[in-house]
Amino acid sequence: MTTTQSSIDTIYGPDAEPNYLNAERGLWSWLTTLDHKRIGIMYLMGILGSFALGGFAAIMVRTEHLSSAATAAADQGTIMTPDTYNSMFTLHGAAMVFLFIIPGIPAALGNFILPVLLGAKDVAFPRLNLMSFYLWMGGAIFFVMALLMGGLDTGWTFYTPYSSGHSPFGGVVPAVFGAFVLGFSSILTAVNFLATMHTLRAPGMGWFEMPLFCWSLYATAVIQILATPVLAITLLLLIAERVLHVGIFDPALGGDPVLFQHFFWFYSHPAVYIMILPAMGVVSELIATYSHKEIFGYKFIAFSSLAIALLGFLVWGHHMFVSGQSALAGTIFSLITFTIAIPSAVKVFNWLATMYKGSIELTNGMLYGLSFIWVFSLGGLTGLPLATMVTDVHLHDTYFVVAHFHYVMVGGTVFAFLGGLHHWWPKMFGKMASRLGGFIAWVLIFGGFNLTFFPQFLMGSQGMPRRYWHYQPEFHVYHLISSIGAYIQLAGFITLAVVLLQSLIKGRKAAANPWGGTTLEWQTTSPPPHLNFDEANMPVAGNPYDYENIEHNADDDEYVRTRPQSTARSH
Amino acid sequence: MLNPTLHNSIGAVLANFGGRLVLPEAESNHASYYDGTFDFINYVTVFFFVAIIVVMVWFVWKYRRTAANDRAADVASHNTGLELAWSLPPLVIVVFMFYFGFSGYMKMTTIPANAYPIDVTGQKWKWTFTHPNGYTSGNLDVPADKPVVLNMHSNDVIHSMYIPVFRVKKDVVPGRYSKLWFIAENPTKNADAPLLEGDKLDSFVREKIAAEIVQELKQKDPESNPTASEDEINARLASMKPEKKKQYAVDHQLEVAAKNGHQLYCAEFCGQQHSVMLAKVIVHEPSWRAPKPVKGTPWQEGKKLFMINCSSCHRIDPSAPPNIYPDFSQGIMGATHTMADGSSVKVDENYLHESIVNPAAKVRQGPWGSNTLMPLLPLNPQQVNELVTFLKSPQKEPE
C-alpha cells in the first residue's frame, strides 16, 4: 500500500503541488478510484503487460523459425514441438488482438485524455468506467490463465469445427469465455465515451470544435456497441457446441462451419477499424501539433471516420473469398471493400496537406506520426491485391496476409499508440522523457519492424502458408531476416521501456504545454489536478487547432497562449 | 552461420531478382492472368507509396522548424475542390482493379464441362486423390494441357487446397463439396520416366539392398558402422523374384516424379500436423491415363495403405528425416514400448490391430504428449489386416 505512494512521493516530492497522482494515497485509493486518469493509467499498465506477453510469444515464434527449415534442417533440432508452436502463435495473436490492440488506444490513452480534451472533469459515468476496467482485468486474467494452463491452439480466430470439436486442448472454453467478458468491458467503455462526448463538452465546444481524436473515438465507440454483441453471441454458440454438442457449426452435428466465419468476421472486420480509427485520431493530433499548423480538411477527416465505421460493417466477406461463399457474395464484398479504401487513402493526403507550409518539429511523437504514414500507406496499399478477388486467391492465408495486417494493425496502431504515449507522457506523469533515448528506441523499433515484416510480403507472394511449424527450405533466408528484425524490435522496446521508466525518476519537470499544443489538455498543469482543471480557471473552447496565438517561451521551454482561442475557424 | 540450406536459399533469392522475386513459377492457365493483375496492382502500390514518402520527406525538410520558420504559413485549412480532386484518381484506379479481379475470379470459378474429375479427400493430416478408375494416390497426378477439376471434401475440419505455382486455392470444408479447376501447362520432368530395366534397374536395386543390409546390421549392433558386402548384395539380387524387382522399378519411377513435382499445401490451420499436410503435384504428358489399380499381395496393399494413411507421421525409411512420432524405420514387432500411464507393452499383432482400430486404447509415451491421439482411419477389416501384415515387417516383404 505504502509502496505506490512512497514512490510517487519520491518522484514528485512531498511538497509537490496537488495533482491527480498525489491527491489520494495508498494502493486502495487506486483500486477504488473513480478518476478517469487513474483508471487510464491502470489500463495502460495492464495493456503494456499484455503487450509484453504477446511480444514474448512473437519472439518465441520467430526463434522457432530460425531453425525450422523443414526437412533439410529437421535433424538440427527445433526449439519446440508443433503443439507448443501452435499454442505460441495463438497466444501471440489472441493476447495482441483482444488484450492489447483493441483496448490499447481507446481504453488507455482515451480514458486518460478524452475528458481533458473535452474540458470535462471526468467521464459521464465514472463508476461504470471503473466497472469496465475490472471486467477487462477479469477477462484478461481468465484469458491468460486459459492460454497458459489449459493451452489453446486454434489461432485467435477460433475457426470451427476445429475449435468446437477437434482441438485436444482444454483452453478453448475458458479462453472463449474470457473474450466474452472482455467484450462487455469494450461495450461499457464505448457507451461511457459516447455519453461523455454528448453531454460534457466544455462551454464553446460544438461538435466541430472537438479535437479529431474525439471524433475517432466516437466512431470507434459506435462500432464497439454495434459489433461486439455479435461476437458475444457467436462465442456463446461456440461454447454451446463444444460443451453441450449442440449442432451449430460442426457438420458432424448438423451444423455449418462457414456460418461461424460469417459471424466471426461480422465482428472482427469492424474490429479492425476499432484498432485503426483511434490510431488515425492520434496521428491527426500529432501531425497538427508538431507542424504547428491547423489540420487540413477537419470535417473530411471527422466524417471519414464515421463513414469508415459504417462501411466497415459491410465488408466482412472479403476474408472469405476462398471459403466457398458464392461468387456473387464475393463480388459485392470486393466492391464495397474498394469503396472503403478511398476515405482511408484521402486521410493520408490530408495529413500531408497539413504539413505543407507548416513549421515541422521532429519530436519523437512526430517521428511516430510520420512512421504511421509510412507503415499505414504500405499496409493499406498491400490491402489492394487482397481486396481484388483473383489475386486474393493465391495470397489468402499466406505470409503476404500476415505482413499486410501487421503493417496495418501493428505498424499502424502500435506506432500511433507510441506516438500518443510520447505526446501525452508529460501530461500523464509531469515528466519529460529523454529525447535522445526515445530517438534511439524509435530507430530500432521502426527499422526492426520493417526488417521483420517486409520479407514476409515476399515469401507470402511466393507461396509460404501461414501458421506453419515447418516450412520449405527455400523460405529460410526470409525467415532469418524476419527473425533478426524481430530481435531488433525487441531491443527497441526494451530501450523505450528504460527511457520511459527513467524519465519518471530523473526526467525534467514538464511544463503545462511543452509541445505547443492547442487542445484543452495543454491548458492545465502537467500532471493535471484531480478534477482536470483549476476550478477558478475552467477552460473555454474554440477552434481546437488555433496555432496563431501560441508563442514559444524559450526561457522555460514551454508554450503560452497570448490570446484566447478564436471561436471560429479562420478559413 | 552459413549452413548449406541458407547458402542455397540466398542463391535462390539472388537468382530471383531477375524476375521472380515476388511470385513463384507460373505453371497453369490461371497464372498469366493472375500475374498480370498482380503486377498492375504492384505498380500502383509502388507509385503511390513512393509519391507519399517523397512528398512527406520533402515537406519535413523544406518546412522544418527553424528560427526563420517558427510559425506555419497562413494557408487555407480546407479546399473542397482539392479534396474532391485527389479522391478521384484513386477511385478510378480501384474500379479497374475491382474489374480485373472480378473477371479473373469468374474465369477461375467457371469450370469447363469436359474437365477430368479427381476426387480429393482432406483429413488430418493428409490428402488422398482418387481418380475415376479407382487409382488412389497421396500425390496429385494430372495430365498436362487438359482441364482438371478437383471435387474436394473433408472428413474432419476445414482444410485448404493450395498450389502456389497454379495460383489456386480453395477451402476444403466438411459437410460440403468445393471445386477447383486448372489446366497444368508443363509436364513435370521425369514424370513418366520409363521403368528402369537391365543394368540400371540392377544398380538401383543393389543400392536398396545395400541400405537394407546396413540397416539389418545396425539393428543388431546400434554402435557399429557396418558396410554391406558385395557377396551378400549379389546373393540377394540373384535370389530376388522378378515381381519384386518390378516393384522396385515402379517405386523408383514414383520417387523421381515426386521429387520434381510442384509443392501442394494445406493453407487452413487444421491442428497439430498442419505444416506437414503436404503433397506433390505431378504433371504428366497429355496422353497420360491413370494406371489401373492393381491388387497386390496383402503386404503390398498394406504398404499402399501405410503410405497414404500413416507415412506423414511414421517414418519407415531410415534415410528420411526423423520426426517426433513413433519411428518404424527399425521395425517394431517384438519391441517393448512404454505407455503414457507407465505400463509397458510388447508389440505383437493384437497390439498393432488394437492401435489401428482404437487408437485411444493404449497410448505410447513420448514427446507428442498424452492428449494427442492418432486419428481413427476409415479402414475396412480387410484393409486393417493388410496394414498389420505390412507393419509386421515394414522394411521388406517377407519371402
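Output yes when any residue across the range A:354-361 is within 10 Å of another protein chain (Cβ to nearest Cβ) and in a helix (DSSP H, G or I), and no when none is.
Taking every residue of the range A:354-361 in turn, at least one turns out to be within 10 Å of another protein chain (Cβ to nearest Cβ) and in a helix (DSSP H, G or I).
Among the listed residues A:142, A:100, which satisfies the condition of being without any contact (Cβ under 8 Å) to a residue 60 or more places away in the chain and surrounded by 24 or more Cβ atoms within 10 Å (Cβ to Cβ)?
A:100
When only residues in the range B:273-294 that are more than 9 Å from chain A (Cβ to nearest Cβ) and touching a helix residue (DSSP H, G or I) at 6+ places or on another chain (Cβ under 7 Å) count, which is farthest from residue A:90 (Cα to Cα)?
Out of the qualifying residues, it is B:282.
Considering only residues of the range B:247-272 that are more than 8 Å from every other protein chain (Cβ to nearest Cβ) and of a type in the set (Gly, Ala, Ser), which is surrounded by the fewest Cβ atoms within 10 Å (Cβ to Cβ)?
Among those residues, the one meeting the criterion is B:249.
For the range A:156-168, which positions are crowded, with 20+ Cβ neighbours inside 10 Å and touching a residue at least 40 places away in the same chain (Cβ under 8 Å)?
A:158, A:159, A:160, A:161, A:163, A:164, A:165
When you go through A:222, A:282, A:243 one by one, which is the residue that is in a helix (DSSP H, G or I), assigned by TED's automatic domain parsing to the domain that holds residue A:162 and over 25 Å from the mean Cα position of the chain (by Cα)?
That would be A:243, the only listed residue that is in a helix (DSSP H, G or I), assigned by TED's automatic domain parsing to the domain that holds residue A:162 and over 25 Å from the mean Cα position of the chain (by Cα).
Which ones in the range A:523-532 are crowded, with 20+ Cβ neighbours inside 10 Å and either at pLDDT 90 or above or in a helix (DSSP H, G or I) (or both)?
Selection gives A:523, A:524, A:527, A:528, A:532.
Which one of these is touching a residue at least 40 places away in the same chain (Cβ under 8 Å) and closer than 30 Å to residue A:80 by Cα: A:181, A:176?
A:176
Checking the conditions here, which among B:304, B:346, B:280 is in the same structural domain as residue B:118 (by TED's automatic domain parsing), modelled with pLDDT of 85 or more and charged (D, E, K, R)?
B:280
Within the range A:487-522, take every residue that is more than 22 Å from residue A:436 (Cα to Cα) and in a helix (DSSP H, G or I) and give me the one that is nearest to the other protein chains (Cβ to nearest Cβ).
So the residue we want is A:522.
Condition first: touching a helix residue (DSSP H, G or I) at 6+ places or on another chain (Cβ under 6 Å), within 8 Å of another protein chain (Cβ to nearest Cβ) and small (Gly, Ala, Ser). Can you find one or more residues in the range A:303-319 that meet it?
Within the range A:303-319, none of the residues are touching a helix residue (DSSP H, G or I) at 6+ places or on another chain (Cβ under 6 Å), within 8 Å of another protein chain (Cβ to nearest Cβ) and small (Gly, Ala, Ser).
Could you list, in sequence order, the residues of the range B:170-205 that are under 23 Å from the mean Cα position of the chain (by Cα), within 14 Å of another protein chain (Cβ to nearest Cβ) and of a type outside the set (Lys, Arg)?
Hits for the range B:170-205 are B:171, B:172, B:173, B:174, B:177, B:178, B:180, B:181, B:182.
Taking the range B:218-231, which residues are out of contact with any helix residue (DSSP H, G or I) (no Cβ under 6 Å at 6 or more places or on another chain) and either exposed (fewer than 15 other Cβ atoms within 10 Å of the Cβ) or modelled with pLDDT of 85 or more (or both)?
Within the range B:218-231, B:219, B:220, B:221, B:222, B:223, B:224, B:225, B:227, B:229, B:230, B:231 qualify.
If you take just the helices (runs of 4 or more DSSP H) that sit entirely in the range B:280-399, which of them hold at least 1 residues that are surrounded by fewer than 14 Cβ atoms within 10 Å (Cβ to Cβ)?
B:349-357, B:381-392
Report whether or not residue B:274 is out of contact with any strand residue (DSSP E or B) (no Cβ under 9 Å at 6 or more places or on another chain) and farther than 15 Å from residue B:137 by Cβ.
No, not satisfied.
With the checklist (1) away from chain B (no Cβ under 14 Å); (2) touching a His at 6+ places or on another chain (Cβ under 6 Å) in hand, flag the one item residue A:449 doesn't pass.
Tallying (1) away from chain B (no Cβ under 14 Å); (2) touching a His at 6+ places or on another chain (Cβ under 6 Å), residue A:449 fails exactly one: (2).
Taking the options B:133, B:69, name whichever one is more than 30 Å from residue A:341 (Cα to Cα) and within 7 Å of chain A (Cβ to nearest Cβ).
B:69
If you take the residues in the range A:1-36 that are of a type in the set (S, T, N, Q) and assigned to a helix (DSSP H, G or I), which one is modelled with the lowest pLDDT?
Of everything passing the filter in the range A:1-36, A:2 is modelled with the lowest pLDDT.
The values are calculated or read from the model by the stated rules, or taken from the named source; none is laboratory data. Predicted model only: the values in this text are computed from it and were never measured. So basically every Cβ, Gly included, is an ideal-geometry build from the backbone, and we count neighbours across all protein chains shown.
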